[in-house]
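Bear in mind these aren't lab numbers, they're just calculated from the coordinates by the rules spelled out. Values in this document were obtained by computation on a predicted structure and should not be read as measured data. All Cβ positions, glycine included, derive from the backbone under ideal geometry; neighbour counts span all protein chains shown.
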């Protein structure tokens, strides 16, 4: 069985655009900005043998405010500079009842089945409560990057940090133990 780090995209790998205290994804590649330390953090996790699987909700596609192609261009731009093994993108909105949309664990469970991942030895890293809830439901350890958004925060989390760099240090310490 393999180990994975499941990563939310916006706010974990790239800067989320915060308006009125709430995070939003970049609208296009021109707005894409990698967060400090992300390239080094993902390289270290990959070198330690973790699969890196991005699990991201992109409901703006269902809402008609962006296109699937634009989201996939952003994913491709990230894949070109980071050692990401797979992107799992949910294009549905909250009311669609989709199993792959976080906080449901469907995307993590499907990726684990595809790649032979041991979820108990894996981590979910996210900056929103739904990321953490999906990780908990899947049986992963969870790391919450807290930007103090003006929205619901997770009730339970294994680790709370301020960046992917901090999350990586915790994950690598756990991998050595």
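Listing for the model above:
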| item | result |
| --- | --- |
| Fewest-first sequence of 2, 104 by Cβ atoms within 10 Å of each Cβ | 2, 104 |
| Order by protection proxy (mean Cβ within 10 Å, highest first), peptides 15-22, 156-163 | 156-163, 15-22 |
| By average C-beta atoms within 10 angstrom, highest first, the peptides 36-46, 76-86 | 36-46, 76-86 |
| Proxy reagent accessibility, fewest Cβ within 10 Å first, across 92, 153 | 153, 92 |
| Cα shape, the chain, gyration tensor, a/c 1.5 rule | rounded |
| Exposure proxy ranking, count of Cβ atoms within 10 Å, fewest first, for 148, 8, 60 | 148, 60, 8 |
| Whole-angstrom gap from segment 101-177 to segment 1-65, using each part's C-alpha centre | 13 |
